[in-house]
Number of protein chains: 4
Amino acid sequence: MHITIFVTGGTFDKEYNEITGKLYFKDTHVREILESGRSLLEVEIKKLMLIDSLKMTYEDRVEIAQNCSDSESRHIVITHGTDTMRKTANVVSKRNLSKTIVLTGAMIPYKFGSSDGLFNLGCALAFVQSLPIGVYIAMNGKYFRWNEVQKNKRLGRFEKI
Amino acid sequence: MHITIFVTGGTFDKEYNEITGKLYFKDTHVREILESGRSLLEVEIKKLMLIDSLKMTYEDRVEIAQNCSDSESRHIVITHGTDTMRKTANVVSKRNLSKTIVLTGAMIPYKFGSSDGLFNLGCALAFVQSLPIGVYIAMNGKYFRWNEVQKNKRLGRFEKI
Amino acid sequence: MHITIFVTGGTFDKEYNEITGKLYFKDTHVREILESGRSLLEVEIKKLMLIDSLKMTYEDRVEIAQNCSDSESRHIVITHGTDTMRKTANVVSKRNLSKTIVLTGAMIPYKFGSSDGLFNLGCALAFVQSLPIGVYIAMNGKYFRWNEVQKNKRLGRFEKI
Amino acid sequence: MHITIFVTGGTFDKEYNEITGKLYFKDTHVREILESGRSLLEVEIKKLMLIDSLKMTYEDRVEIAQNCSDSESRHIVITHGTDTMRKTANVVSKRNLSKTIVLTGAMIPYKFGSSDGLFNLGCALAFVQSLPIGVYIAMNGKYFRWNEVQKNKRLGRFEKI
């Protein structure tokens, strides 16, 4: 089973710039996270962009969807900022692909010593191997059909609707 | 969906005793691991034993299998030492339960700052929600039917047979 | 030997707010850092303020200096943002106290899993026990008389002048 | 100021062998620890041996003392197992060197995600720059003349005698 991970940025990959004191993107940590988890999955990682999902344009989402279409893989994980994860899932779902596609993210940057990114990525990789065709969001150990979930911004968690 | 985690010990839960300089079991870290991953799953954690799986007796494995039978949950994760994971899976499989049961473990203790326990637990929890009835082993991001995998002790990884 | 630590904030104590995605101060981590380092020093920790040192006013610095004067301790460590550490040291030095006073800080927040805060605090606590009376800045394993050092903002390090 | 660190092993540098499940020495982590603390000290690190201090022979201690004599540095830190740190300090002290020599160690291996090694090394490096000539043990944030301290093995800490 061949899995592709499309990296788009989000809190997941943010880092702290010690010179400016601000958060920024330097590069993706997905490879490093998989190694820390001792993953032996055959995974292709493709970085599409590294942006905050609040700054993602419609064109960005179309680019992500196009990559899902073009990919030869039938098992796709997308790392994504949590704020507009559902919007991108919507654009991707319009393609009606015969693929299992799972979007995931993190509430705290991996580089800040937190663990939700690693846990969520583990869950997403397991779900993408075992769930039927469809577009899903995997957060907090759970999976949701993309149109049955929303982010509770006050509590910082994903909830079924 | 209600998930039960049966804790049996293994490298997963080992700690370093700074007075004796030896490894030992104090308590399970499964609850702590789930919190670090920000899991929101409804999970019941039941500690059956805390032992090195090389020291596990046949009676121990029967006790684990009996707990799987008795549990009201149809989704069961078992944390277990990697060395005899397959033996316990064999005993559990004899029960022919209408449940999805996933055994998982770690190569490095969670308390040593490693990440494979967290990653494996995330994967196991995702697989137990999405795989059909059966007994599985989830390690290194992959899942295997219990009788189609073996531990490569030289490399410290699980491989399909 | 009795040591007092005055906490004023700085990068040292910053945290990530996962709801807003911004950095902020919640509380000091000095006690936690000392425990993680297994310190057995008798230390009194007094939080004077929790602010970014770029926002520190002259009145803030006078308050810090006044606390140094008022303290019964002759060994004082001040945790402080790195950007204006020298300015505060200048105000403190005007008091000509018969005390050893060491200012220290961090380039990366302790809560981001970094280690420079712990290392610097260890160094500062050692220097404050062993250096003669005076006002010093301890960063990157070194100590400097307060008026013989400046922060190289481009490289994010302290250098002798 | 030029500082030399002599590495001898001890808990400080122990690692977990995930294949055998046992603790062992692979290499020293002192360089890595200094980088994680963002040390900018000019430090020469020389690995003399990597052993458990309970297995250290008299000849090993003489070798350490000889290296202290031969070194051109007047500021020497020795990383050492805590159990026989005092014995080695005794052998070193016999040389009556005009140097400041500080022995330090850790109760928990650095590789297990603990912090006492980093904290102790920070303290030791600060003490070695600021204490007068003599042989000292630095643990738990404190320094002791080598003949005024003993390890409380039950509590795992160093105490003045």
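The values are calculated or read from the model by the stated rules, or taken from the named source; none is laboratory data. Not measured: the values here are computed from a predicted model. As a convention, Cβ positions derive from the backbone with ideal geometry for all residues, glycine included, and neighbour counts pool all protein chains shown. In case anyone asks, the SASA skips ligands and DNA or RNA and just uses the protein heavy atoms, side chains included. Shrake-Rupley method; radii C 1.70, N 1.55, O 1.52, S 1.80 Å.
Shape call for the range D:99-161 from the C-alpha gyration tensor, a ≥ b ≥ c root eigenvalues: rounded (a/c under 1.5), prolate (a/b greater than b/c) or oblate? It is oblate, given that a/c is not under 1.5 and a/b is not larger than b/c.
Rolling a 1.4 Å probe over the heavy atoms of the protein chains gives chain C an accessible area of 41 Å² per residue.
Rg of the Cα atoms in the range C:25-161, relative to 2.2 N^0.38 Å, amounts to 0.97.
Remark: chain C carries a charge dipole of roughly 600 debye about the Cα centre, counting +1 on each Lys and Arg Cβ and -1 on each Asp and Glu Cβ. Burial annotation for the range A:107-124: residues with an accessible-area loss of at least 30 Å² between the isolated chain and the complete set of protein chains, computed on heavy atoms with a 1.4 Å probe, are A:Met107, A:Ile108, A:Phe112, A:Ser115, A:Asp116, A:Leu118, A:Phe119, A:Gly122. Between chains D and C, what is the buried accessible area summed over both chains (1.4 Å probe, protein heavy atoms, nearest 100 Å²)? Chain pair D/C: roughly 2400 Å² of buried accessible area.
Under Stokes-Einstein, with the Kirkwood radius over Cα pairs as Rh, the value for the protein assembly as shown at 37 °C and 0.692 mPa s is 123 µm²/s. The residue list B:Ile19, B:Ile51, B:Ser71 was ranked by how far each Cα lies along the charge dipole of the range B:2-75 toward its positive end, using unit charges on Cβ atoms, and B:Ile19 comes out on top. The Cα center of the range C:1-38 and the Cα center of the range B:76-134 differ in position by 38 Å.
Among all the aspartates and glutamates, which ones have a C-alpha under 16 Å from C:Lys160's C-alpha, if same-chain residues fewer than 8 places away are not counted? Straight-distance partners of C:Lys160: C:Asp83, C:Glu148, D:Glu42. Surface composition of the range C:1-113: carbon plus sulfur atoms hold 45% of the accessible area, using a 1.4 angstrom probe and ignoring ligands, DNA and RNA.
Considering all C-alpha pairs of the range C:1-51, those separated by over 11 Å amount to 71%.
Most tightly packed first, judged by the mean number of other beta-carbon atoms within 10 Å of their residues, the peptides C:130-139, C:45-54 read C:130-139, C:45-54. Largest GNM mean-square fluctuation among B:Gly117, B:Gly37, B:Gly81, using chain B with Cα springs under 10 Å: B:Gly37.
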